[in-house]
1. Is at least one residue of segment 296-305 at positive phi, without any contact (Cβ under 8 Å) to a residue 12 or more places away in the chain and outside the structural domain of residue 135 (by TED's automatic domain parsing)?
2. Is at least one residue of segment 343-359 in a strand (DSSP E or B), under 25 Å from residue 240 (Cα atoms), assigned by TED's automatic domain parsing to the domain that holds residue 219 and more than 20 Å from the chain's Cα centre (by Cα)?
3. Go through segment 80-120 residue by residue and tally those that are within 30 Å of residue 236 (Cβ to Cβ) and either touching a helix residue (DSSP H, G or I) at 6+ places or on another chain (Cβ under 8 Å) or not assigned by TED's automatic domain parsing to the domain that holds residue 136 (or both).
4. Considering only segment 76-108, state which residues are over 13 Å from residue 144 (Cα atoms) and either part of a strand (DSSP E or B) or in contact with a strand residue (DSSP E or B) (Cβ under 7 Å, 6 or more places away or on another chain) (or both).
5. So how many residues does segment 246-280 have that are part of a strand (DSSP E or B) and free of Cβ contacts under 8 Å to residues at least 40 places away in the same chain?
6. Would you point out which residue out of 229, 238, 243 is free of Cβ contacts under 8 Å to residues at least 24 places away in the same chain and closer than 18 Å to residue 373 by Cα?
7. Being in contact (Cβ under 8 Å) with a residue 24 or more places away in the chain and under 24 Å from the mean Cα position of the chain (by Cα) is the filter here; which residues of segment 112-126 pass it?
């Protein structure tokens, strides 16, 4: 239902958004490639003369666009019916020459990389690559459909109000004079600008925010829970550097007739590495936690609140499963080794008794959500 409403809206604003997209394709300012970003080649459709047509081809026979277009979406969000509907909208007809076929292939791992090939009786005559295409799924369908329409029918630009400039005719040669003189050379024809890349440039850097719930064993003692909030900077979906804060607690624990509550508060820094495999990304991580262990006694002869330093090393990893281009679920497991271990004592009448210490080893199981900020 949503896709249908989008198509109707585009039909009602042919001189609106359609003209702006086609004008974008024709603007010389975008024809020059920016540093570090290659401009894909222009789409050119060679003209097939009458002598090249097969005697078996029937010019009155037509083929539906849905039958002429084949799609292998790969990791992209492209849908066959939705793309066909966009192409028919740009062409303003739902049939093609039966000799033409369109093959669209999405990349197996990149969600915004694809290419299409226009074929004449099985022979490629035009090819276009998007690396990457727009991040929005609606814009990706629109841009790919417009490029296919431009390849199939060059009159699409005229249908949205952009008329190609007439060819420059050479000036007539001047009449010969009695004295011999060389004829002036005709002016050179102006080459048309190549079709610019309609997709936005993708930065190799990404900034993400992460919120994770934790189930802990041994940090603090016994079974506890907590949370982690962090910010990370990633490079090419391969290497990440994370900074965040962690808080965990096991709640009040009985000690004789009293209770002791131990809470860990720490800053955390991690470095992670892992490849992007379609919508799943496994990572290995290593980091350091530094903060304080806060103990609060209840029911003792004298209740105190004590804060001691705590430092630990974390080794583990996580798996991220993409939900959309900007959000993903995260499942993680970390092993913790306490380097600086706080020990809590209780003073009685004539002695000091060790009450509780933090274990050397612990573990944390986490689940949360990751959101891309840019």
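The values are calculated or read from the model by the stated rules, or taken from the named source; none is laboratory data. In this text the structure is predicted, and so the values were computed from the model without any measurement. Quick reminder, even Gly has a Cβ in these numbers, built from the backbone with ideal geometry, and neighbours come from all protein chains shown.
1. Taking segment 296-305 and keeping what is at positive phi, we get 299.
Restricting the remaining residues to those that are without any contact (Cβ under 8 Å) to a residue 12 or more places away in the chain gives none.
Looking through segment 296-305, none of the residues is at positive phi, without any contact (Cβ under 8 Å) to a residue 12 or more places away in the chain and outside the structural domain of residue 135 (by TED's automatic domain parsing).
2. To start, the set of residues in segment 343-359 that are in a strand (DSSP E or B) comprises 343-347, 352-357.
With under 25 Å from residue 240 (Cα atoms) added as a condition, the list becomes none.
No, that holds for no residue.
3. Of the residues in segment 80-120, the ones within 30 Å of residue 236 (Cβ to Cβ) are 82-83, 103-117.
Then keep just the ones that are either touching a helix residue (DSSP H, G or I) at 6+ places or on another chain (Cβ under 8 Å) or not assigned by TED's automatic domain parsing to the domain that holds residue 136 (or both); that gives 82-83, 104, 112, 114, 116.
Going through segment 80-120 one residue at a time, the tally reaches 6.
4. 94, 95, 96, 98, 99, 100, 101, 107
5. As a first pass, look at segment 246-280 and keep what is part of a strand (DSSP E or B): 246-255, 258-273, 277, 280.
Right, trim to free of Cβ contacts under 8 Å to residues at least 40 places away in the same chain and you get 247, 249-251, 254, 261, 265, 267, 269, 271, 273.
Number of matching residues: 11.
6. Working: 238 fails: free of Cβ contacts under 8 Å to residues at least 24 places away in the same chain; 243 fails: free of Cβ contacts under 8 Å to residues at least 24 places away in the same chain.
That would be 229, the only listed residue that is free of Cβ contacts under 8 Å to residues at least 24 places away in the same chain and closer than 18 Å to residue 373 by Cα.
7. Quick first cut of segment 112-126, residues in contact (Cβ under 8 Å) with a residue 24 or more places away in the chain only: 112-114, 116, 118, 120-121, 125-126.
Residues satisfying the conditions are 112, 113, 114, 116.
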